[in-house]
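For reference, the structure discussed in these notes is given below.
The values are calculated or read from the model by the stated rules, or taken from the named source; none is laboratory data. Remember, predicted model here, so these are calculated numbers, not experimental data. Every residue, glycine among them, receives a Cβ derived from its backbone with ideal geometry; neighbour counts consider all protein chains shown. Quick note on the areas: whole protein, heavy atoms, side chains included, nothing else; ligands and nucleic acids left out. Shrake-Rupley method; radii C 1.70, N 1.55, O 1.52, S 1.80 Å.
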Amino acid sequence: MSIKEANKTLFDARKGFKDFIEYKQINVEELANHIGRTQSYVYQLMNGQANNRQAYVCLNKLFNYTKYDGENWLEL
């Protein structure tokens, strides 16, 4: 996979989650409260800027909370 293809895959995975929470009308404040973090941190997660072990744990909590079954971009 080329770098361009990899970037596109990551972008699509993040966009899929953003579109899902928008469709479900779940706001960032609610997500932040659920994981005990700031709204800024949730934006970092969704934009791929947070990518350590703790980010992986928080993202999985958000996926479980929202019942999202798409790809976790931290696993790609």
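Remarks
- Check: the chain dipole with +1 on Lys, Arg Cβ and -1 on Asp, Glu Cβ, in debye: 140 debye
- Accessible area of the stretch 1-64 belonging to carbon and sulfur atoms, whole % at 1.4 Å probe: 47 percent
- Between Asn7 and Asn52, the contour length at 0.36 nm per residue exceeds the Cα-Cα span by 14.4 nm.
- Under 17 Å from the Cα of Lys4 - aspartates and glutamates, other chains or at least 8 residues apart: Asp12
- Given R0 = 22 Å, the distance between the Cβ atoms of Asn72 and Ser40 translates into a calculated FRET efficiency of 0.60.
- Zero-based 10 Å bins, Cα pair distances in the chain, whole percents: 19, 58, 20, 3
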